[in-house]
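Everything on this sheet refers to the single structure shown next.
The values are calculated or read from the model by the stated rules, or taken from the named source; none is laboratory data. None of these values were measured; they are calculated from a predicted model. Reconstructed Cβ throughout: ideal geometry from the backbone, glycine too, with neighbour counts over all protein chains shown.
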Amino acid sequence: MIQLFFAATQYAAATVTAAIRAGLFGPRAAHRRVLVVSNVAPVPEVTTPWDRTAGFEELRTEFDAVHSWNACVAPYHPAGWSPRAQDVPLWEKALRLRWDLGDAPVEIACESIQANPSRAAAEIFADSPLHVYADGLMSYGPTRNRVPQGVNSRIVRVLHLDLVPGLRPLLLSEYGVEPQVIPDEAVIDVLARIGADGARALDDALPATGRPTAVLLGQYLSALDLISPDEEADLYVRMVGAAVRAGHRSVLFKPHPSAPAGYDTSLEAAAQALGVQLTVLREPVLAETVFARLRLALVIGCFSTALLTAAAFYGIPVARVGTDLLLERVTPYENSNRVPLTLVDAALPDAEHDPVGTPLDLAALAPRLGPLLTAVGYCMQSRKHHALRAEVAAWLDGHLADHARYFKKRRLTSLRLPGGSPVRAEALRRNPVVRRVVRRIRSARTS
């Protein structure tokens, strides 16, 4: 059996490597393992592929071969290319020759099956079992796009990090796919091993004295058109102010590796005005390496998955800034960022107003967050989760007043759920769907 592991980031590769080392993909002797790396940056040609960064050699030892998906589909972008249906058999034959797979049976482990390159790989190897692994908070939300029958019927399981113990992922559940946890200890061990080189780069980048006690996590919110670049810059300035409010005088800003540069000037000006020693970490170091290396008292972010890894894997207090703005801005309602945003907003203290500095009680989160995320997930993708309607309606009837910020009145109205507006007869008469149904009924009666 040949196992193909597809990974678009170092963190994704670390996640699936942890699953391998935890024994979730069977014994090494029984399989040939091939890692297929991709670079899905907007312009891959001007960025360093993640498999050439520090720490990759620690992951490399688990695989018998490494291949580049970008090289296979060039000159097309890996996130935008998929094979034509009539070309699928040719692509499978070509990849088997190029990667020396022969005629051996293949199984695939990949990230989001809803998007390329995972979707393209699943289509090319049309008879292969699929293992979907999720390294972030989006696993707790619904499947974004419909997965064709020929693909969803082959999905064996969803492997995920247990960032909120006891919280069950909704991803792919409409197809009957069961989730499976990747053990924390395996993930932490892999992150520690690949972080060794990053730790040295971190030590070189930080001052010898007065090391940061708080970390600010950058994202790429404006690049996703969630907010404007100016609003994102202001968000990071607010994080600096929140760190000062919590009593920190030395902070580290960790930009997201996919984010465009350009926030340094406003951050440095804000830090200088507040009397804060600011370090901007430009080296390609995982956030988890920072968490493990520094003795941090606080991590501040918007709705980054790294907030929960800091809390779950390293026991560091965490806090949020700016989720109120994003809850208003994220569109459409089905946007996959809504679930991570809701989870972080509901679970973490507001760094600008609430007391901070106490580790999260993770064990208490699932009973409180589970019903909320189920309701949000249902409202996002109601057609895929008909069985949840009665449960969600009952929960909204008793809890909407305390959680109104996570729901849109228009969405509740369209779904006929508690909290929506009464449906007027005139509005029903103008509704094209209602009018079409009425015409069919009248036609049936006269025939």
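Has the range 217-228 got at least one residue that is among the hydrophobic types (A, V, I, L, M, F, W, C), under 26 Å from L191 (Cβ atoms) and surrounded by 20 or more Cβ atoms within 10 Å (Cβ to Cβ)? Let's see the steps before the verdict.
Filtering the range 217-228 down to residues among the hydrophobic types (A, V, I, L, M, F, W, C) leaves 217, 221, 223-224, 226-227.
Filter again for under 26 Å from L191 (Cβ atoms), leaving 217, 221, 223-224.
Subsequent filtering for residues that are surrounded by 20 or more Cβ atoms within 10 Å (Cβ to Cβ) retains 217, 221.
Yes: the range 217-228 contains one or more residues that are among the hydrophobic types (A, V, I, L, M, F, W, C), under 26 Å from L191 (Cβ atoms) and surrounded by 20 or more Cβ atoms within 10 Å (Cβ to Cβ).
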Note to self: So, in the range 130-142, exactly how many residues are modelled with pLDDT of 90 or more, outside any strand (DSSP E or B) and surrounded by 24 or more Cβ atoms within 10 Å (Cβ to Cβ)?
What the structure shows: 5
Check: What number goes with the only condition from (1) modelled with pLDDT under 95; (2) surrounded by 15 or more Cβ atoms within 10 Å (Cβ to Cβ) that A205 does not pass?
Finding: (2)
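Per-residue answers, yes or no, for (1) under 27 Å from V177 (Cα atoms); (2) crowded, with 17+ Cβ neighbours inside 10 Å; (3) in contact with a strand residue (DSSP E or B) (Cβ under 9 Å, 6 or more places away or on another chain):
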{"position": "N337", "(1), (2), (3)": "yes, yes, no"}
{"position": "P355", "(1), (2), (3)": "no, no, no"}
{"position": "L360", "(1), (2), (3)": "no, yes, yes"}
{"position": "P367", "(1), (2), (3)": "yes, no, no"}
{"position": "Q381", "(1), (2), (3)": "yes, yes, no"}
{"position": "E391", "(1), (2), (3)": "yes, no, no"}
Checklist line | Matching helices (runs of 4 or more DSSP H) fully within the range 302-413 where at least 1 residues are among the aliphatic types (A, V, I, L, M) and over 30 Å from F291 (Cα atoms) | finding: 365-380, 389-399
Notebook entry, point to check: Quick one: is P83 within 26 Å of V156 (Cα to Cα), surrounded by 12 or more Cβ atoms within 10 Å (Cβ to Cβ) and under 21 Å from the mean Cα position of the chain (by Cα)?
Noted result: no
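Which residues, taken from the range 29-63, are of a type in the set (K, R), out of contact with any Leu (no Cβ under 8 Å at 6 or more places or on another chain) and in contact (Cβ under 8 Å) with a residue 12 or more places away in the chain?
In the first step, residues of the range 29-63 are kept if they are of a type in the set (K, R); the result is 32-33, 52, 60.
Within this subset, residues satisfying the condition of being out of contact with any Leu (no Cβ under 8 Å at 6 or more places or on another chain) are 32-33, 52.
Once the filter is applied, which keeps residues that are of a type in the set (K, R), out of contact with any Leu (no Cβ under 8 Å at 6 or more places or on another chain) and in contact (Cβ under 8 Å) with a residue 12 or more places away in the chain, the range 29-63 yields R32, R33.
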Next item on the list: Within the range 21-41, track down each residue that is out of contact with any strand residue (DSSP E or B) (no Cβ under 9 Å at 6 or more places or on another chain), modelled with pLDDT of 95 or more and surrounded by 15 or more Cβ atoms within 10 Å (Cβ to Cβ).
Entry: R21
